[in-house]
Amino acid sequence: MLEWESSDYEPSLPVSEKSNPLTWDIDQASPSRIVRMLQNCDAEMFREETGSTYLTLLCDKVVKTMMDVAEIVELILKEPKDSLVVLSGCGTSGRLAFLVASGFNRALREMNHSEVYAYIIAGGNRALFSSQEAPEDDPHLGMSCLKKVCEGKKRVLFIGISCGLSAPFVAGQLEFCLRHPEVFTPVLIGFNPAHQARNEPTPNCTFTFLSVVQRMQVLANSRKAFLINPSVGPEAISGSSRMKGGSATKMLLEVILCSAHAAAFSRAATTHQVILQHLEAYEKTVKVTYAQSTAIAALVTTAGQSLLCKKRVCYLGWGSLAVLGLIDASECEPTFGAAYRDIQAFISGGYRALNNAEGSIALLGPQFCIAHEDFLLHVLPTLDDQDTVILIYTQTDNITEVMNVAYRVREKMSNLHAIYHQADGDDDDQWELSTKLVLNAVSTGAHILKGKVFHNYMIDVQVTNSKLYRRATRLIQKLSGHPEAQCEEALLKAIYQVDHLTEDMTSGHMATHIAKGRERTKVVPLTLVSLLTGCSLEDASSRLDLQPIIRKAVEALMSKI
């Protein structure tokens, strides 16, 4: 049994929010050691069943449920009229829903088969490239989005993704499915045990995520609902489900859909062994990727140096690997309190290649200008050798175009690197997972080197939804040692930028606090400094200005306690 599997280890937290013992001192690690720690964490995804209370990715129950869901997808592929498979989620989960749905629809188009996949992401298409955390808390918005996508359909397989079994947006969609069993079959993918689903009431709702899960568990006995919730272990950076949670989500979706396509079009039966072989192929990909740990650590080093110098890291990608670059870059803002310019991604062909439902949204601002032409015209002229540019491509991409972009970059700067996949066969899914692991390592490692992580906690997490509000409160309590009520009071002072709270502030609903918190930066560091020193918020801000590396500022204060 692993340490975090013990009932005595951080017992009040669900698995997805626990800290991982493997990475407790990752904030002090060298780039090469950071990569080794991430490798060890990712290996936990494939751990064998040990008789603990936690399901594993490879256990019989999870594999059997994947087979059952693949069978329903197969039926829809064979009889697509008035049918739909909907993938939905918030943040990383929604972005991966887009990536997977787009990829499998493309495969169907190439076969002259009608498309059967649709995606929903909380916050709409702008959430593909930027943090849109507020819609995650709105179950009614989730319902209305699902109703709109499925209008006129008579058979819908809905796959909702919530790594922590916590997103009200997805809970609302699952609730809608349960109310309309004549059309919808709901599937939930997440990575906590069912009893750890969020049980916090949502305004104007009669259900919680936990109550929805409990109803689905009953219906699962008659195959009218499905729950796929293996535990993949705590994240390397506590609560950062973009990492293992995202990787496991991608694997589960792709294995289910690949198996269904093989059964529908190649008459290859979906068996227990077939599912295991798919998962084992991904496990091999993880090992092959981390065999390049020296090269990955070099990328972490150069990206970290750029961020420390207040410079930029730019991903320039082709095809689906470019989409993974867009996903990775978009996650840095809420996770590390980063600016969108710190790590930014661009795709060859822009919105035409992305083929998202809403088309180009470049008019929303520079954050949404994602084509290589946007980079060459507006970003490259501002770069120098302290910035980092990473090309992301495979042997099947237009190498002439890749070289032309490389030449343009080299004319302006020398700090150019590449993530390149060269292998025989149809390895798109493996290339994608490998690229995701490398990019996650680069962006996470770079922000660790910048001082945005304390031990293995996101010290500068933004307070932009209820999940992050609760996470911030827990983090402040853990690091300060003060009671929860005092920590939440200090957090509110930082959110409202006052040293004394009014009655309206203290009695306000969490949604009001969160709306104000979205306007603030460095909320958690300010709260910690004021709690640890007893100083005013103005003085706390001055102390942080003197030591901009947040980890070092907090560390120095805690050493004096």
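The values are calculated or read from the model by the stated rules, or taken from the named source; none is laboratory data. Computed from a predicted structure; not experimentally measured. No Cβ is skipped: glycine too gets one built from the backbone with ideal geometry, and neighbour counts run over all protein chains shown. What goes into the accessible areas is simple: the full protein's heavy atoms, side chains included, and nothing from ligands, DNA or RNA. Shrake-Rupley method; radii C 1.70, N 1.55, O 1.52, S 1.80 Å.
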Size of electric dipole in the stretch 1-43: Cβ of Lys, Arg +1 and of Asp, Glu -1, about Cα centre, debye, nearest 20: 220 debye
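Using alpha carbons only, what's the Rg to Rh ratio of the stretch 77-164 with Rh from Kirkwood?
Working: Rg = 13.2 Å, Rh = 13.4 Å.
Reported Rg/Rh (Cα atoms, Kirkwood Rh): 0.98.
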Stokes-Einstein D in µm²/s, Kirkwood radius over Cα pairs - the stretch 425-561 at 20 °C with 1.002 mPa s viscosity: 133 µm²/s
Packing-based ranking, highest mean first, of 447-458, 230-241 given that Cβ atoms within 10 Å are counted: 230-241, 447-458
Spatial separation of Cα centroids for the stretch 479-523 and the stretch 254-306, in angstrom: 42 Å
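I need the calculated FRET efficiency for the pair ALA295 and GLN386, taking r as the beta carbon distance and R₀ as 22 Å, to the nearest 0.05. Intermediate values should be presented prior to the final figure.
Values: r = 21 Å, r/R0 = 0.94.
With R0 = 22 Å, the Cβ-Cβ based efficiency is 0.60.
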Nearest-20 debye value, the stretch 166-235 charge dipole, Cβ charges on Lys, Arg, Asp, Glu: 200 debye
Unit charges at the beta carbon, dipole of the stretch 412-529: most positive-side option, GLN430, GLY451, SER480: SER480
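Which of the peptides 534-545, 192-203, 339-350 is most tightly packed, and how do the rest follow, judged by the mean count of other Cβ atoms within 10 Å per residue?
Sorting 534-545, 192-203, 339-350 by mean packing, highest first, produces 339-350, 192-203, 534-545.
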Per residue accessible area of the chain, 1.4 Å probe, in Å²: 40 Å²
The stretch 158-177 and the stretch 342-389: distance between their alpha carbon centers, rounded to Å: 31 Å
Selected from PRO334, GLN344, VAL323, residue furthest toward positive end of dipole (the stretch 302-345; charges at beta carbon): GLN344
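Are there GluC sites (Glu not before Pro) in the stretch 342-420 that DSSP puts in a loop and that have at most 13 other Cβ atoms within 10 Å, and which ones?
Working: sites: GLU358, GLU373, GLU401, GLU411; in loops: GLU358.
Loop-located and lightly packed - GLU358.
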Cα-projected label distance for LYS81 with GLN497, points at 7 Å along beta-carbon direction, nm: 6.1 nm
Packing rank of 96-106, 3-13, 267-277, where each peptide gets the mean count of other beta carbons within 10 Å, highest leading: 96-106, 267-277, 3-13
Surface share of carbon and sulfur [accessible, 1.4 angstrom probe, percent] for the chain: 50 percent
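With respect to the cross-link table entries LYS244/LYS552; LYS18/LYS452; LYS287/LYS467; LYS61/LYS478, which display a Cα-Cα separation exceeding 30 Å? Kindly include the intermediate steps, with their values, before the conclusion.
Numbers: LYS244/LYS552 27 Å; LYS18/LYS452 18 Å; LYS287/LYS467 32 Å; LYS61/LYS478 36 Å.
From LYS244/LYS552; LYS18/LYS452; LYS287/LYS467; LYS61/LYS478, over 30 Å: LYS287/LYS467; LYS61/LYS478.
Among DSSP beta bridges whose residues both lie in the chain, state the antiparallel percentage, nearest 5. Can you show the working numbers first?
On the way: 2 of 40 bridges.
Percentage antiparallel, nearest 5: 5.
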Cα centre as origin, Lys/Arg/Asp/Glu Cβ charges: the chain dipole, Debye: 340 debye
Estimated translational D of the stretch 203-307 in µm²/s (Stokes, Kirkwood radius over Cα pairs; 25 °C; 0.890 mPa s): 140 µm²/s
Distribution of pairwise C-alpha distances over the stretch 397-461, 10 Å bins, in %: 16, 31, 33, 18, 2
Euclidean distance between Cα centres, the stretch 10-26 to the stretch 95-113, Å: 35 Å
Overall Cα dimensions of the stretch 1-147, principal axis frame, Å, largest first: 52, 36, 33
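Starting from the Cα gyration tensor of the stretch 129-258, take the square roots of the eigenvalues, sort them a ≥ b ≥ c, and report rounded, prolate or oblate (rounded when a/c is under 1.5, otherwise prolate if a/b is larger than b/c, else oblate). Intermediate results must be reported in sequence, preceding the final value.
Details: a/c = 1.39, a/b = 1.24, b/c = 1.12.
Rounded is the answer for the stretch 129-258, as its axis ratio a/c remains below 1.5.
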Extreme residue, positive dipole direction of the chain, given options LEU468, ILE390, ILE275 (C-beta unit charges): LEU468
Share of alpha-carbon pairs per 10 Å distance bin for the chain, given as whole %: 3, 18, 29, 28, 16, 5, 0
Within the stretch 120-158: backbone nitrogen closer than 17 Å to the CYS205 label point (7 Å, Cα to C-beta): 121-124, 133-147
